[in-house]
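Peer 1: Attaching a single structure in structure tokens format; questions to follow.
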Amino acid sequence: MKAIVFEGPNRVSIQEKPIPKLEDGDILIQVDLCGVCASDLAAIRGEVTDYSPPVVLGHEVAGRVVETKHPSVKVGQKVSVNPMITCGDCQYCRADLDKYCQEIVGIGHDIDGGYAEYFKFPRHAIQTSKLITVSDNVSTTDLMFLEPLGCCINAMRETIFNQSVVILGAGQIGLIFTQLVDQLGLQAIVVDPITERREMAERLGAVATFTPKQTEEILEQTNGGADTVISATNNNQTAIGLSFQIVRRGGCLNFFGLSAHDQYLKLNLEQLHFMGHKIMASWAFSRWSLDQAHEMISDQKIKLEPILSNRFPISEGLEAIEQVKKSQGIKTAILGSPNST
Ligand SMILES: [Zn+2]
Ligand SMILES: [Zn+2]
């Protein structure tokens with residue numbers, strides 16, 4: 001089978017690999033679609049250091065079970081996965097904070113994931129409830145967005161809101177936040193330099209959109225400063241600077257996006273004290289938020305299809321990555337099996 005292998009910073013290749021062999025309790029998933037995540041790109045660029053190459057990337061998976069050695073899983077089931085395999089037993093796992101587990105193993109991160117025709121989902125992951133089975137009428141595209149949606153739902157629960165919410169970045173994450181914020185009855189104001197992305201944000205519920213240079217207009221729109229700023233960017237110094245310019249005193253800043261390992265937030269603590277900013281970061285999903293995401297896509301409560309703009313077969317995986325690097329379109333996905341659409 002073909003797979004896209006991350007071999008180390010700036011080294012990605014398309015390889016021919018054997019279809020994974022199953023041990024007792026494992027299952028084999030045939031990939032229909034796998035989302036290209038900003039975190040994968042950050043790993044390829046050498047900006048983040050938490051991947052274990054060589055590894056087949058891909059953790060935003062929509063697929064089908066094609067072989068099973070697990071008694072509770074049937075061939076043909078439409079599935080996605082919770083890509084964080086953890087011990088299932090420590091204080092964090094018991095509190096649905098699996099992401100802090102010491103024994104975390106990530107699909108498409110530490111073990112082979114979904115930028116391939118097939119990948120193996122191990123017994124222990126199934127035993128710890130990490131297989132997500134959906135009904136056949138959930139669209140494959142919606143299913144592929146389950147994990148990013150779960151991350152956003154998790155962040156929505158953690159963030160402090162009032163009325164105005166400025167979302168920096170109208171990539172897939174920014175556009176999911178736009179809809180979640182709008183659904184809460186709050187004002188979603190979206191900032192992105194790319195016209196096409198701003199237009200999409202308006203279609204999906206933004207009350208206003210601006211370029212990052214329109215600081216004055218953003219302040220005007222928010223009556224002097226936003227109650228909340230969610231940064232769905234890579235939090236470079238420009239995004240950090242803009243966030244502080246447009247948040248009101250006492251407002252909340254959620255630096256949601258993954259930052260490169262060499263980015264710092266320098267703060268004057270006396271100023272922070274008197275500004276009263278609530279500064280936070282939300283990261284990843286929980287089992288709860290993935291359940292919520294599952295419910296939302298099953299009930300078609302969120303528009304995800306318009307966000308998926310580019311599909312590439314595995315053989316063109318390097319072009320797919322280039323596309324994401326150049327911010328062309330919005331969301332890019334890899335087609336796992338030659339028959340998927
Ligand atoms: Zn992701
Ligand atoms: Zn654990």
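Peer 1: Regarding the range 50-57, can at least one residue be identified that is within 16 Å of ligand 1 (Cβ to nearest atom), charged (D, E, K, R) and surrounded by fewer than 17 Cβ atoms within 10 Å (Cβ to Cβ)?
Peer 2: Going through the range 50-57, the residues within 16 Å of ligand 1 (Cβ to nearest atom) turn out to be 50-51, 55-57.
With charged (D, E, K, R) added as a condition, the list becomes 50.
Pick out the ones that are also surrounded by fewer than 17 Cβ atoms within 10 Å (Cβ to Cβ) and you get 50.
Within the range 50-57 (the criterion being within 16 Å of ligand 1 (Cβ to nearest atom), charged (D, E, K, R) and surrounded by fewer than 17 Cβ atoms within 10 Å (Cβ to Cβ)), the answer is yes, since at least one residue qualifies.
Peer 1: Go through the range 133-167 residue by residue and tally those that are hydroxyl-bearing (Ser, Thr, Tyr) and closer than 21 Å to His277 by Cβ.
Peer 2: Narrowing the range 133-167 to residues hydroxyl-bearing (Ser, Thr, Tyr): 133, 135, 139-141, 159, 164.
Applying the additional criterion that residues be closer than 21 Å to His277 by Cβ yields 159, 164.
So the answer is 2.
Peer 1: In addition: When Val12 is evaluated against the numbered criteria (1) away from ligand 1 (no atom under 16 Å from the Cβ); (2) in contact with a helix residue (DSSP H, G or I) (Cβ under 9 Å, 6 or more places away or on another chain); (3) among the hydrophobic types (A, V, I, L, M, F, W, C); (4) assigned to a loop (DSSP other than H, G, I, E, B), which criterion, by number, is the only one it fails?
Peer 2: (4)
Peer 1: Return a yes/no flag: does the range 176-197 have any residue that is outside any strand (DSSP E or B), within 16 Å of ligand 1 (Cβ to nearest atom) and modelled with pLDDT of 95 or more.
Peer 2: Let us first name the residues in the range 176-197 that are outside any strand (DSSP E or B), namely 176-186, 192-197.
This time we only want the ones that are within 16 Å of ligand 1 (Cβ to nearest atom), so: 176-177.
Pick out the ones that are also modelled with pLDDT of 95 or more and you get 176-177.
Looking for residues that are outside any strand (DSSP E or B), within 16 Å of ligand 1 (Cβ to nearest atom) and modelled with pLDDT of 95 or more, one finds at least one in the range 176-197, hence yes.
Peer 1: For the subset of the range 94-116 comprising residues that are more than 14 Å from ligand 1 (Cβ to nearest atom) and buried (at least 21 other Cβ atoms within 10 Å of the Cβ), which member is nearest to the chain's Cα centre (by Cα)? Can you show your working first?
Peer 2: Just the residues of the range 94-116 that are more than 14 Å from ligand 1 (Cβ to nearest atom), to begin with: 94-98, 100-105, 110-112, 116.
Now restrict to residues that are buried (at least 21 other Cβ atoms within 10 Å of the Cβ): 98, 112, 116.
Working: Asp98: 16, Asp112: 18, Ala116: 19 Å.
Taking the candidates together, the pick is Asp98.
Peer 1: I'm checking my understanding of the structure. Among residues of the range 58-88 that are touching an Asp or Glu at 6+ places or on another chain (Cβ under 6 Å) and within 12 Å of ligand 1 (Cβ to nearest atom), which one is nearest to Glu16 (Cα to Cα)? Walk me through it before giving the result.
Peer 2: Keep residues of the range 58-88 that are touching an Asp or Glu at 6+ places or on another chain (Cβ under 6 Å), which gives 60, 62-63, 69, 78, 84, 86-87.
Subsequent filtering for residues that are within 12 Å of ligand 1 (Cβ to nearest atom) retains 60, 84.
Details: Glu60: 21, Met84: 26 Å.
Looking at the filtered set, the residue picked out is Glu60.
Peer 1: Looking only at the range 102-133, which residues are acidic (Asp, Glu) and within 13 Å of ligand 2 (Cβ to nearest atom)? Quick ask: steps written out before the conclusion?
Peer 2: Taking the range 102-133 first, the residues acidic (Asp, Glu) are 103, 110, 112, 117.
Answer for the range 102-133, where residues must be acidic (Asp, Glu) and within 13 Å of ligand 2 (Cβ to nearest atom): just Glu103.
The values are calculated or read from the model by the stated rules, or taken from the named source; none is laboratory data. Nothing here was measured: the structure is a model prediction, and the numbers come from that model. Note that we place each Cβ from the backbone using ideal geometry, even for glycine, and neighbour counts take in every protein chain shown.
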